[in-house]
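Everything on this sheet refers to the single structure shown next.
The values are calculated or read from the model by the stated rules, or taken from the named source; none is laboratory data. Keep in mind that this is a model prediction, so the values were computed, not measured. Neighbour counts run over all protein chains shown; Cβ positions are idealised from the backbone, glycine included.
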Amino acid sequence: MTYLGLDIGTTATKAILVDDRQSVLAAATVASRIDQPAPGLSEQDPDTWIAGVRLALARLRDEAGPAYGAVRAIGLSGHMHSVALLDDGLHPVRPALLWNDTRGQAQAQRLLQDVPDISRATGVRPMASFSAAKLLWIRENDPAAFAATRHVLWAKDYVRLWLTGALATDMSDAAGSQLFDQQNRTWFAPVRDYLGLGPAILPELRDGTDCAGRLRTATARDLGLPPGIAVATGGGDTPVGAVGLGRVDAGQSYISLGTGAVYVTVQDTYAPDEAVGLHTFAHCVPRRWYQMAAMLNGASCLAWVAALCRESDLPALLRRVEARGPGPSRILFQPYLRGERTPHDDALARGAFIGLDASCDVVDLARAVLEGVAFSLRQGQDLLACQQAISGPVPLIGGGARSPEWARIMATVLGRDLVIPRNAEHACALGAARLGMVADGWTMADAMPAFEIAQAIAPDHEAIPLYDAQYAQFERLYPAIRSIGQGTAAGL
Ligand SMILES: Nc1ncnc2c1ncn2[C@@H]1O[C@H](COP(=O)(O)OP(=O)(O)O)[C@@H](O)[C@H]1O
Ligand SMILES: O=C(CO)[C@@H](O)[C@H](O)COP(=O)(O)O
């Protein structure tokens, strides 16, 4: 008896096969194409999500052998906010604007002005990342696509549509749309009406643990899976990561360092604080919400600086950073390469290095990047901690968690113990498989045990005061150069 988890990540699709004790039997990762032809633009063709799943499953099938044919249920996770618009025939009418596409900034401002109570009802101030601003941008800039739209789905929902034929979404992807009433867990009519979306355009809402449909016979044959198996509704990657860690109880936190970065704390009541740029969203599991600081610029900043400096071996670069000895660096890096959400809500914010001198080399730049992303997460931690205490060691997942060197810098900047869970890279895919288990009849308690620790990361206590001083400088940087960054972004 096995379970399949699919995670439609921003940079890669991941598939994982586990047995009923959740031992990983096989895993596959397939890189995704992203089109980013100019600053602020970030798109994906929804059909690449299906192509990624197809290829990942072919690899999983080769690796796993007979266990692959014994799958009892499938669960899904996907990057959030990236909305797929489908026509009458359920085909995409245009590429999806991804969560880190910031074209909808002016539209977000208009939503804030024109829709009373939007922030309190939807759990966050309107921002370009969220689906409502994207839909408004498309209505104004691609009216033919908007007019042809009959259905709106999120990344994992489009994959599930292909698997089962069911049109649905879960509470957590709905929560990230800014079209959702977080308290009552239902669509929020004032935004829907403002956008001019008929009620039938938004899909049926379900919990992520529900069975949303059964695997179609033809698709099952094509994929080599049993027909008719349950496919869970699934969820957005942020809450599904929490499921993969077994951290779904109030007060439990975790950090994900993927393309972006999120710092999450689970809640069992809806308690928004939209004023400070935190997000308060419904969870993919029933009767839970979560509060998060969400940064557009996470481990992608490391990939960026490595590519810029033609360093193709990330682990080798990170070892060179560590070999330089303890930080902080004498250079400051502001990581807003794609604008930023928490804490600034500024699509036109831009990146910066400050303090360069003639002796700086790639290792100095890389260290400054690792620290700048960590400082950004500390700003998120400071905001979250105003709402509720963050207790105990915090687990770190996502591609960035592959680096113990980065985790050490992060622990020191955050001033707290971190832990790298076993299967940290697969947390969202594992969470997806766990949603599949619940859809197959398991209880949440049995399907979602706490993670096992692969590595404990303690802060460097001697370096904490030095990093505190550098963090104070970091906090001064954005207000000092905001207008310059906005000016260059606007082409002034
Ligand atoms: N060895 C490594 N150390 C630190 N970061 C890494 C390493 N390998 C990959 N990464 C980072 O992981 C990021 C991708 O993380 P991942 O969680 O897989 O992304 P996503 O789910 O957003 O597609 C890349 O931006 C890359 O910089
Ligand atoms: O915008 C958010 C959450 O609100 C992002 O977390 C996306 O959901 C994509 O995550 P990664 O690809 O960076 O893991």
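Checked against the criterion of being in contact with a Phe, Trp or Tyr (Cβ under 8 Å, 6 or more places away or on another chain), among the charged types (D, E, K, R) and at pLDDT below 95, the stretch 313-330 has no qualifying residue. State whether one or more residues within the stretch 249-269 are in contact with a strand residue (DSSP E or B) (Cβ under 9 Å, 6 or more places away or on another chain), surrounded by fewer than 24 Cβ atoms within 10 Å (Cβ to Cβ), of a type in the set (S, T, Y) and modelled with pLDDT of 95 or more. So far as the stretch 249-269 goes, yes, one or more of its residues are in contact with a strand residue (DSSP E or B) (Cβ under 9 Å, 6 or more places away or on another chain), surrounded by fewer than 24 Cβ atoms within 10 Å (Cβ to Cβ), of a type in the set (S, T, Y) and modelled with pLDDT of 95 or more. Residues in the stretch 315-349 that are assigned to a helix (DSSP H, G or I) and surrounded by fewer than 20 Cβ atoms within 10 Å (Cβ to Cβ) were compared, and the one that is nearest to ligand 1 (Cβ to nearest atom) is P315. Does the stretch 223-236 contain at least one residue that is farther than 21 Å from A56 by Cβ, surrounded by fewer than 24 Cβ atoms within 10 Å (Cβ to Cβ) and either modelled with pLDDT of 95 or more or within 12 Å of ligand 2 (Cβ to nearest atom) (or both)? Scanning the stretch 223-236 turns up at least one residue that is farther than 21 Å from A56 by Cβ, surrounded by fewer than 24 Cβ atoms within 10 Å (Cβ to Cβ) and either modelled with pLDDT of 95 or more or within 12 Å of ligand 2 (Cβ to nearest atom) (or both).
One line per residue, one yes/no per condition, for (1) among the acidic types (D, E); (2) over 18 Å from G176 (Cα atoms); (3) away from ligand 2 (no atom under 15 Å from the Cβ):
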site	(1), (2), (3)
G246	no, yes, yes
V262	no, no, no
A282	no, no, no
V285	no, no, yes
Y290	no, no, no
L302	no, yes, no
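For the stretch 426-481, filtering for residues that are closer than 23 Å to A12 by Cβ and buried (at least 16 other Cβ atoms within 10 Å of the Cβ) leaves 12. Only one of the listed residues (G485, G415, G398) is closer than 20 Å to I255 by Cα and touching a residue at least 60 places away in the same chain (Cβ under 8 Å). That residue is G398.
Looking only at residues of the stretch 180-195 that are over 21 Å from T209 (Cα atoms) and not small (G, A, S), we find that the one that is surrounded by the most Cβ atoms within 10 Å (Cβ to Cβ) is V191.
Residues in the stretch 234-272 that are among the hydrophobic types (A, V, I, L, M, F, W, C) and over 22 Å from Y336 (Cβ atoms): V240, A242, V243, L245, V248, A250, V266, A271. Among helices (runs of 4 or more DSSP H) entirely within the stretch 153-197, having at least 1 residues that are out of contact with any Pro (no Cβ under 7 Å at 6 or more places or on another chain) and more than 21 Å from T280 (Cβ to Cβ) singles out 155-164, 189-195.
Where helices (runs of 4 or more DSSP H) fall wholly inside the stretch 383-476, the ranges with 3 or more residues that are within 16 Å of ligand 2 (Cβ to nearest atom), of a type outside the set (V, I, T) and at negative phi are 427-439. Considering the stretch 43-150, the qualifying helices (runs of 4 or more DSSP H), each wholly inside and each with 3 or more residues that are away from ligand 1 (no atom under 16 Å from the Cβ) and crowded, with 19+ Cβ neighbours inside 10 Å, run over 46-64, 105-114, 118-122, 131-141. Scanning the stretch 270-280 for residues that are within 13 Å of ligand 2 (Cβ to nearest atom) and surrounded by fewer than 22 Cβ atoms within 10 Å (Cβ to Cβ) yields a count of 1. If the condition is being farther than 19 Å from G78 by Cβ and loosely packed, with under 15 Cβ neighbours inside 10 Å, then the stretch 21-35 contributes R21, S23. Hey, any hits in the stretch 384-394 for a residue that's among the hydrophobic types (A, V, I, L, M, F, W, C), modelled with pLDDT under 95 and farther than 30 Å from I331 by Cα? Checked the stretch 384-394: at least one residue is among the hydrophobic types (A, V, I, L, M, F, W, C), modelled with pLDDT under 95 and farther than 30 Å from I331 by Cα. Taking the stretch 236-275 as the range and being within 19 Å of L205 (Cβ to Cβ), within 14 Å of ligand 1 (Cβ to nearest atom) and not in a helix (DSSP H, G or I) as the test, only G236 passes.
For the residues A218, A232, A212, the requirement of being hydrophobic (A, V, I, L, M, F, W, C), away from ligand 1 (no atom under 16 Å from the Cβ) and farther than 19 Å from M171 by Cα singles out A218.
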